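Only one structure is covered here, and it is reproduced in the block below.
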Amino acid sequence: MADHGSTPAAQRGFTLLELMVALAIVAILSATAFQALSGALDRLGRGHTEAEALALAQSTLNRVGADIPLGNDEVRGRTEDGFTWLVQTAPYEGPAPTTGLLTGYVVRVTIAWMDRRNLRQVQLSTVRVAMRGAS
């Protein structure tokens, strides 16, 4: 009969070297997973900020002609959450009828913000129609 209780001590359990190698592998895998998760959260936050900037650009563009006048000028502002906005309006230079009651304006809205140390911006532009002489 075989004696199962007489196994030498060197053959039982793991050696210190094996435990250290396993710990090193776990540490490398944890660091890689943390870096991937951190990058994903950073991209998510950046996407959210860009969506906010785009919504601000759209709402600012909707204000042009109401509380932001059409004309040949610039209007600037800053929001409480760090966005700066610029509205530029100028007469439309394309083919247009020389007679009639309507005239066109090119409207450009730029929203800018700092993302870490980089200046980021979103820009929307359109052509608006207004009564001639009522800018």
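The values are calculated or read from the model by the stated rules, or taken from the named source; none is laboratory data. In this text the structure is predicted, and so the values were computed from the model without any measurement. Quick reminder, even Gly has a Cβ in these numbers, built from the backbone with ideal geometry, and neighbours come from all protein chains shown.
Quick notes
- Screening the candidates Leu54, Leu70 for the property of being within 19 Å of Met114 (Cβ to Cβ), surrounded by 12 or more Cβ atoms within 10 Å (Cβ to Cβ) and either touching a strand residue (DSSP E or B) at 6+ places or on another chain (Cβ under 6 Å) or among the polar types (S, T, N, Q) (or both) yields one hit, Leu54.
- Residues of segment 1-17 that turn out to be modelled with pLDDT under 80 and assigned to a helix (DSSP H, G or I), as a count: 6
- Any hit, segment 18-26, residues being part of a loop (DSSP other than H, G, I, E, B), of a type in the set (A, V, I, L, M) and more than 24 Å from the chain's Cα centre (by Cα): no
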